[in-house]
Amino acid sequence: MDKSDLLELENPDVNENDEWKVRYWTIFIGQSLSLLGSSLTQFVLMWWITDTTGSISYLAIAGMAALLPQALLSPLGGVLADRYNRRLIMIVSDAISALCMAVLIFLFLNNSIELWHTFVMMAIRGAMQAFQSPASAASTAMLVPKSFIIKAAGLNQMMQGVTMVGSAPLGAFAISFMPLGWALSIDVITAILAITPLFVFTIPQIRQMKASNLMGTIKTEFLEGLSLVWQNQGLKRLYGLLGCVVLIVMPSYTFVPLLVKEYFNGGAREVGIMEGLAGVGMLLGGAIVTAMAPKRKIVWILIGSTITCLSLSFVAFTPSTLFWVAAMWWLINGIAFIFLNAPLTALLQTTIPNQLQGRVLSLLNTIMALAAPIGLVLATPLGELIGIRWLFAVVGIAGGMVSLFGFLSPSLRNLDRK
């Protein structure tokens, strides 16, 4: 491990000067390009599964393959992010994900691809995300001054919107004129662009002593993160509410290609339009959050969650001949999602000590990643029974009601006042 990455700092805040900007923006742009490549290839793979099988069950399997390993490994990823070299964790995780994509490229180009190949590689990439996400999230606060943290959160969400604006239409365009295997190669190229700056710049990190018993340390530090959340009534209720919302609504995002194909009679182009407009919404939402830097973060979180969920129902209630109306609701869904996600990130980064953020963020990732496959298991037979359209209607209304219940909790409402 490069000891230059581990700094013993009494005050972990970055100095308020221009030195941090080059490092932050270089790493930020590299990670953003990688996100663009990953989103593009995710769109390509999910559309290929939809077009090949037309099955809710196969889409659910793909979703579980991507999410379940992340859920099971997130506690380990969070502890490692707090104790070991975050930069190295990000490099290794991105490299393994790129290698998995290279295997899929080879299989597609040689016409040897099977459905189970995509499920296995998606599972490995999901596992790597369990390590990369907490390392990347915890690194952000160490790369910028404290006064820039909320803006950095908004910029991250804006960049997610930019990638969604570009990735889905670019994915649909790519598979329209090149072999699917070559379309997937974009992910490998962007992964290399993300890894390269990490070899050039160090990421400041508070020093922690190495432990001789790694598994014992993992258990202890995971329990520390769990204890921190459990003893804070506001955080405990926030984690529980988000877990319930994800369990209810997450399946709908996996089934978007099937909704477009079966209900709106669309193809990859229409799916790309919807996903692209969601990205535009995320871009607009990120710009609003960055400009306003909301102080009452929890209010934005609850309102954003409510609108995000209800917009799913409005998509389902749209007549099948009015695709563009449904697409506009998907735009609103993207805006509202950022109203939820950006303040949530900033709230946790400003509430939790940086040396504990990895394990606490990984606990949230674990809850959400476990809730998502459970939701898929429950939603799949329901979707087969009532149809894909009415599945969207039901989960949207249910998720919106759960989000509104958050306003009934005083400890949750006052979380950002403590």
Task: LEU382 vs. criteria modelled with pLDDT under 85, open to solvent by 10 Å² or more (accessible area, probe 1.4 Å) and hydrophobic (A, V, I, L, M, F, W, C) - done: no
Task: Residue in the range 3-10 that is modelled with pLDDT of 85 or more, touching a Ser or Thr at 6+ places or on another chain (Cβ under 7 Å) and farther than 14 Å from ILE124 by Cβ present - done: no
Open item on the list: Condition check: hydroxyl-bearing (Ser, Thr, Tyr), open to solvent by less than 30 Å² (accessible area, probe 1.4 Å) and farther than 22 Å from LEU364 by Cβ. Does THR163 satisfy that?
Closed with: no
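Run down ARG389, ARG359 and say which single residue is assigned by the TED database to the domain that holds GLY225, at pLDDT 90 or above and among the basic types (Lys, Arg). Full working, then the answer.
Working: ARG359 fails: at pLDDT 90 or above.
Unique residue meeting the criteria: ARG389.
Which one of ILE91, ILE96, ILE113, ILE124 is surrounded by fewer than 22 Cβ atoms within 10 Å (Cβ to Cβ), modelled with pLDDT of 85 or more and not in a helix (DSSP H, G or I)?
Values: ILE91 fails: not in a helix (DSSP H, G or I); ILE96 fails: not in a helix (DSSP H, G or I); ILE124 fails: not in a helix (DSSP H, G or I).
On inspection, the qualifying residue turns out to be ILE113.
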TODO: Would you mind finding the one in ILE307, ILE218 that is out of contact with any Ser or Thr (no Cβ under 7 Å at 6 or more places or on another chain), farther than 25 Å from THR50 by Cα and at pLDDT 90 or above?
DONE: ILE307
Open item on the list: When the residues of the range 288-311 are narrowed to those that are open to solvent by 10 Å² or more (accessible area, probe 1.4 Å) and aliphatic (A, V, I, L, M), which ends up nearest to GLY334 (Cα to Cα)?
Closed with: ILE307
- [ ] Could you tell me which of the residues ARG389, ARG359 is open to solvent by 40 Å² or more (accessible area, probe 1.4 Å), part of a helix (DSSP H, G or I) and basic (Lys, Arg)?
- [x] ARG389
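The values are calculated or read from the model by the stated rules, or taken from the named source; none is laboratory data. What you see is a predicted model; the values in this text were computed from it and never measured. All Cβ positions, even for glycine, are placed from backbone atoms using ideal geometry, and neighbour counts span all protein chains on display. Please note that ligands, DNA and RNA were not included when accessible areas were found on the heavy atoms of the full protein model with its side chains. Shrake-Rupley method; radii C 1.70, N 1.55, O 1.52, S 1.80 Å.
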